[in-house]
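Structure record follows, encoded as structure tokens.
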Amino acid sequence: MLDSHFHLFHMKKLEMPYMDLIKHSFDEGLVYALDIGINADNFEDRIKTAAELKGLYTAHGYYPSQCNSDDLESELEYLEQTLINDNKAVALGEIGLDFYHDYGSFELQAELVKRQINIANRLNLPVIIHSRNAEAETLKLLDENRVDRAGIIHCYSYSPETAQQFIDLGYNISFAGNVTYKNAGVIKESAAAVPLDSLLIETDAPYLSPQMVRGKRNHPGHIGYTYSCIAELRGIPLIELIAAVKTNFETLFRIS
């Protein structure tokens, strides 16, 4: 199994034994994990940590909350250099649109996304997309600003029909622990419907613990609960799902 999206240093901020947890996850059979950045606070520390663990990869980017920065030019330059210098970096992200929180106007958020897409295309990297309460806006933005290697729509929460529209743009669809929740009807429908060759699975740790461990802080070792749920939703053997997700991850990030 693998974890296509988690936040190692958010686990650290919560005073979780983050290194013990990720090392134990690898010892227990986790093959890959992608540590996602949302700002520049921990770029260097995350690079050093990924260098210590074979299956740990990184993505660096600026989350919608960063759209009001007073020094965007220098921050984007720093991001690009970080991605160039980090030989474990396989994507730019997490970037996107979020209208659930009051991070800023559509124009400000979209401009930050566009600038980062330009960097991704210069460096020939896929992107990790965050989209919350921004379904139509995200589709339009990604359609009008194509990423050469596309990427992942992470923690997917929209309909199967919208998922197919993202897939038509080249994106993979990644599901998190909230697919296990009892009231997650639309997410379950999408997890059952997305083509197997476009499917990824994540924890989004330390957030969105699966139903079976809800109330506890999440970590990559919980990924199996989400795999099992999605295999059941799709009516396929768990081993088939594990193999397909691994192939999708390796294909997208060109890992052999």
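Summary table below
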| item | result |
| --- | --- |
| Any chance Met16 is among the aliphatic types (A, V, I, L, M), crowded, with 17+ Cβ neighbours inside 10 Å and more than 20 Å from Leu252 (Cβ to Cβ) | yes |
| Looking only at the stretch 155-196, and only at residues there that are of a type in the set (D, E, K, R) and within 26 Å of Asn145 (Cα to Cα), the one that is nearest to the chain's Cα centre (by Cα) | Asp168 |
| Near pairs, Cβ below 7 angstrom, 6+ apart or cross-chain, from the stretch 158-187 (touching a residue at least 60 places away in the same chain (Cβ under 8 Å) and under 19 Å from Ala33 (Cα atoms)) to any residue that is of a type outside the set (Ser, Thr, Tyr) and part of a helix (DSSP H, G or I) | Asn172/Asn248; Asn172/Leu252 |
| Enumeration of residues in the stretch 211-250 that are of a type in the set (S, T, N, Q) and either assigned to a helix (DSSP H, G or I) or touching a strand residue (DSSP E or B) at 6+ places or on another chain (Cβ under 7 Å) (or both) | Gln211, Thr226, Ser228, Thr247, Asn248 |
| Residue check, Glu111 among the charged types (D, E, K, R), on the phi < 0 side of the Ramachandran plot and in contact (Cβ under 8 Å) with a residue 24 or more places away in the chain | yes |
| Among residues of the stretch 35-68, those that are within 30 Å of Phe106 (Cα to Cα), in a strand (DSSP E or B) and in contact (Cβ under 8 Å) with a residue 60 or more places away in the chain, counted | 2 |
| Residue in the stretch 121-161 that is surrounded by the fewest Cβ atoms within 10 Å (Cβ to Cβ), counting only those that are in contact with a Pro (Cβ under 8 Å, 6 or more places away or on another chain) and on the phi > 0 side of the Ramachandran plot | Ala150 |
| Pairs, first more than 20 Å from Lys188 (Cβ to Cβ) in the stretch 231-254, second assigned to a loop (DSSP other than H, G, I, E, B) and modelled with pLDDT under 95, C-beta under 8 Å, six or more apart | Glu250/Ser256 |
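The values are calculated or read from the model by the stated rules, or taken from the named source; none is laboratory data. Keep in mind that what you see is a predicted model, and the values were worked out from it rather than measured. As a convention, Cβ positions derive from the backbone with ideal geometry for all residues, glycine included, and neighbour counts pool all protein chains shown.
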